[in-house]
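**Student:** Take this structure first; my questions come after.
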Amino acid sequence: MSKHSGAGGSLRADALGTFDSVVMAVAGCGPAYTIAGTFPALIAAVGVAGPAVLLYCALPVVGIALAFRHLGRLDPNAGASYAWTGRSLHPFLGFLSGWALVVSATVFMASTALPAGAATLSLFGTPAAGHTALATAVGALWFLLMAGVVMHGARISAHAQTAVTGTQLVLLLAFAVAALSKDGNVADFSPSWFGFGHFDGQHHFVTGALIAVFAYWGWDVTSNLGEETRGGRRGSGFGGVIGVVTCFALFVVFTISVNILVGTDVVRQNPESFLTVLGDAVWPGWGGRLLVLAVLLSTVATLETSLLQATRTLFAMGRDRTLPQAFGRIHPGRQTPWTATAVVAGVALALTVAANLGSGAGSGSGLRLLADAVSGVGLLICFYYGLAAFSAVVVHRRQLFASVGNLLLIGLWPLGGGLFMVWIFVRSLTELNALALGIGLGTLVLGVVPMLRYRQHGRSYYEAVPLDPARARAVDASYGVTDLDPSSRAGTGRSDELLTDF
């Protein structure tokens, strides 16, 4: 557990294990929700080249996950990239990194409540079209339920995620096996789907890449739970890497299934119901409904992990007093950041109602709003992922040439991931519409206001000691192991409960 200072109490240590961390990472990516809510936009942008975009974006995202893993070894912190970037690059960049995550998660939750309600209604044969108010109300109930689960603690959240995510994965894996075993109805599998030959110019790749980055987002919830994870200096980061690889495999299988069984034109023409068409092509009669059930479970799971990310980051910022100190308050019995949870839940619900009911939004405008939200959030994700990658390289710069493994896994791969995020961020600025830019760039710039407002209150954060791997190695030496030398850990029974920097 972290020994971070703060008058509001501490998060519950040892609430999660490594298995829970992996489950949280997969749930954070929301495989079924991503397939239903993101793939129509991805396929509209790149067509049959969906597998290629997912592959080329998975590689840099794994680099980002490695960066998170190594930074988490030095400082398991509920603020994750907020804390690491602030102590590695600059406190202002760290604050904006945390702000970007909080905004991303809040906007995402607001845009996800309606799909959750729509999926629930569709299971009972009620079309979401024409029932926006009802779908919004049902989605809000799901959101409040997940907020209650998060309020009760990480241990209960992990139990809920294991049940929900486990069921979702069983459905998706069974469908994937059945889909790959069927003969192609539209096209035969082509290795060219993983190449660059199907991209219609750089524009389409950039658009698809921004969507793919959003598709992989969410695995880093494991880092935000580092203070609550047993052996948090290693366990949480490991879960993130496994989560990215698992979701990559599922995403690629489904894009291949779409290309083979129904074709990209069907998805473009029926973005709201393409999963039903795909499900019926694999399991006639009930396949579509099972996929809708998987989407519902995935949506509910991502609501919970998004709440966890936003509330833990907000808690860390309140604890450091870079935002109002009230956000750093901990419930004395449940050891959860109850004030941060209540505020994030309230803001997300207000945005949900305003977006879906305030302008009389129907299903068509709802889809457009979701697409703009995905693009805007994608910008914010690129921003804080890139900063975290650069932070890992800067912090470990003196250890990079100690071994080939260090150079690749701590240096080149995270650096490449960070540069990729910067490239996508810059390229997207000239290609997104005003609403997407407002959600992404506008909210990021808005973060400067609270940063300056609470600058004097958070002096401990703005004057913190930089992260130093030498301190980690000194602590490791007392246990007979070294973080940056995997061979030295063989045969040890170490328990990683001691932090290195506080």
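**Student:** Helices (runs of 4 or more DSSP H) wholly in the stretch 25-111 with at least 3 residues that are at pLDDT below 95 - which ones?
**Tutor:** Helices (runs of 4 or more DSSP H) meeting the threshold: 31-37, 39-46, 50-74.
**Student:** Next up: What helices (runs of 4 or more DSSP H) completely inside the stretch 196-281 contain at least 3 residues that are modelled with pLDDT of 85 or more and surrounded by fewer than 20 Cβ atoms within 10 Å (Cβ to Cβ)?
**Tutor:** Helices (runs of 4 or more DSSP H) meeting the threshold: 235-257, 264-269.
Residue by residue, here is whether (1) of a type in the set (A, V, I, L, M); (2) at positive phi holds:
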{"position": "Gly17", "(1), (2)": "no, no"}
{"position": "Val26", "(1), (2)": "yes, no"}
{"position": "Ile35", "(1), (2)": "yes, no"}
{"position": "Pro40", "(1), (2)": "no, no"}
{"position": "Leu54", "(1), (2)": "yes, no"}
{"position": "Gly72", "(1), (2)": "no, no"}
{"position": "Ala80", "(1), (2)": "yes, yes"}
{"position": "Gly86", "(1), (2)": "no, no"}
{"position": "Leu101", "(1), (2)": "yes, no"}
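**Student:** Having 3 or more residues that are exposed (fewer than 13 other Cβ atoms within 10 Å of the Cβ), at pLDDT 85 or above and on the phi < 0 side of the Ramachandran plot is the bar; report the helices (runs of 4 or more DSSP H) wholly within the stretch 405-502 that clear it.
**Tutor:** Helices (runs of 4 or more DSSP H) meeting the threshold: 448-453.
**Student:** Next question, about the same structure. Got a sec? Which of Val258, Val292, Val252, Val267 is touching a residue at least 40 places away in the same chain (Cβ under 8 Å), under 23 Å from the mean Cα position of the chain (by Cα) and within 21 Å of Leu55 (Cβ to Cβ)? First the steps, then the outcome.
**Tutor:** Details: Val258 fails: under 23 Å from the mean Cα position of the chain (by Cα); Val292 fails: within 21 Å of Leu55 (Cβ to Cβ); Val267 fails: under 23 Å from the mean Cα position of the chain (by Cα).
Among Val258, Val292, Val252, Val267, only Val252 is touching a residue at least 40 places away in the same chain (Cβ under 8 Å), under 23 Å from the mean Cα position of the chain (by Cα) and within 21 Å of Leu55 (Cβ to Cβ).
**Student:** Now a separate question. Specify the residue that is nearest to His152 (Cα to Cα); the eligible residues are those in the stretch 342-394 that are modelled with pLDDT under 85 and among the polar types (S, T, N, Q).
**Tutor:** Once the filter is applied, the top-ranked residue is Asn356.
**Student:** When you check Gly166 against the structure, is it small (Gly, Ala, Ser), assigned to a helix (DSSP H, G or I), modelled with pLDDT of 90 or more and within 22 Å of Trp283 (Cβ to Cβ), yes or no?
**Tutor:** For Gly166, the condition - small (Gly, Ala, Ser), assigned to a helix (DSSP H, G or I), modelled with pLDDT of 90 or more and within 22 Å of Trp283 (Cβ to Cβ) - is met.
**Student:** Answer with yes or no whether Leu172 is surrounded by fewer than 18 Cβ atoms within 10 Å (Cβ to Cβ) and in a helix (DSSP H, G or I).
**Tutor:** Values: surrounded by fewer than 18 Cβ atoms within 10 Å (Cβ to Cβ): no; in a helix (DSSP H, G or I): yes.
It is false that Leu172 is surrounded by fewer than 18 Cβ atoms within 10 Å (Cβ to Cβ) and in a helix (DSSP H, G or I).
**Student:** Could you tell me whether any residue of the stretch 185-193 is under 30 Å from Arg69 (Cβ atoms) and either among the basic types (Lys, Arg) or part of a helix (DSSP H, G or I) (or both)?
**Tutor:** So far as the stretch 185-193 goes, no, none of its residues is under 30 Å from Arg69 (Cβ atoms) and either among the basic types (Lys, Arg) or part of a helix (DSSP H, G or I) (or both).
**Student:** Give the stretch 180-215 a look and list any residue that's of a type in the set (Gly, Ala, Ser) and closer than 14 Å to Pro51 by Cβ, or say none.
**Tutor:** Ala187, Ser190, Ser192, Gly195, Gly197, Gly208, Ala209, Ala212, Ala215
**Student:** Please go through the stretch 321-341 and give me each residue that is in contact (Cβ under 8 Å) with a residue 60 or more places away in the chain, of a type in the set (A, V, I, L, M) and closer than 14 Å to Ala310 by Cβ, ordered by number.
**Tutor:** Passing the criteria: only Leu323.
Condition check ((1) in contact (Cβ under 8 Å) with a residue 60 or more places away in the chain; (2) touching a helix residue (DSSP H, G or I) at 6+ places or on another chain (Cβ under 9 Å); (3) not polar (S, T, N, Q)) across all residues:
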position: Tyr216; (1), (2), (3): yes, yes, yes
position: Val221; (1), (2), (3): yes, yes, yes
position: Asn224; (1), (2), (3): yes, yes, no
position: Gly240; (1), (2), (3): yes, yes, yes
position: Gly263; (1), (2), (3): yes, yes, yes
position: Glu272; (1), (2), (3): yes, yes, yes
position: Pro284; (1), (2), (3): no, no, yes
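**Student:** Further question: Could you tell me whether Gly117 is in contact with a helix residue (DSSP H, G or I) (Cβ under 6 Å, 6 or more places away or on another chain), touching a residue at least 60 places away in the same chain (Cβ under 8 Å) and of a type outside the set (Lys, Arg)?
**Tutor:** So Gly117 fails the test.
**Student:** Now a separate question. Can you name every residue in the stretch 273-288 that is farther than 16 Å from Gly37 by Cα, touching a Phe, Trp or Tyr at 6+ places or on another chain (Cβ under 9 Å) and not small (Gly, Ala, Ser)? Before the answer, list the steps.
**Tutor:** Initially, the stretch 273-288 is screened for residues farther than 16 Å from Gly37 by Cα, giving 280-287.
From what is left, the residues that are touching a Phe, Trp or Tyr at 6+ places or on another chain (Cβ under 9 Å) are 280, 282-283, 287.
Listed by number, the residues that qualify are Asp280, Val282, Trp283.
**Student:** Quick one: which of Ile35, Ile64 is touching a residue at least 40 places away in the same chain (Cβ under 8 Å), of a type in the set (A, V, I, L, M) and touching a Pro at 6+ places or on another chain (Cβ under 9 Å)?
**Tutor:** Checking each option against the conditions leaves just Ile64.
**Student:** When residues of the stretch 39-78 are filtered for being surrounded by fewer than 24 Cβ atoms within 10 Å (Cβ to Cβ) and of a type in the set (Val, Ile, Thr), how many remain?
**Tutor:** Counting residues in the stretch 39-78 that are surrounded by fewer than 24 Cβ atoms within 10 Å (Cβ to Cβ) and of a type in the set (Val, Ile, Thr) gives 2.
**Student:** Within the group Ala135, Ala154, which residue is at pLDDT below 90, crowded, with 19+ Cβ neighbours inside 10 Å, out of contact with any Gly (no Cβ under 8 Å at 6 or more places or on another chain) and not polar (S, T, N, Q)? Let's see the steps before the verdict.
**Tutor:** Working: Ala135 fails: out of contact with any Gly (no Cβ under 8 Å at 6 or more places or on another chain).
Checking each option against the conditions leaves just Ala154.
**Student:** Every residue in the stretch 198-214 that is of a type in the set (Gly, Ala, Ser) and in contact (Cβ under 8 Å) with a residue 40 or more places away in the chain, please.
**Tutor:** Here is the first cut: in the stretch 198-214, the ones of a type in the set (Gly, Ala, Ser) are 201, 208-209, 212.
If the condition is that a residue be of a type in the set (Gly, Ala, Ser) and in contact (Cβ under 8 Å) with a residue 40 or more places away in the chain, then Gly208, Ala209, Ala212 are the ones that fit.
**Student:** Then there's this: Could you go through the stretch 452-462 and let me know if any residue there is in contact with a helix residue (DSSP H, G or I) (Cβ under 9 Å, 6 or more places away or on another chain) and among the aliphatic types (A, V, I, L, M).
**Tutor:** No: the stretch 452-462 contains no residue that is in contact with a helix residue (DSSP H, G or I) (Cβ under 9 Å, 6 or more places away or on another chain) and among the aliphatic types (A, V, I, L, M).
The values are calculated or read from the model by the stated rules, or taken from the named source; none is laboratory data. All values derive from a computational prediction rather than experimental measurement. Glycine also receives a Cβ, built like all others from the backbone with ideal geometry; neighbour counts cover every protein chain displayed.
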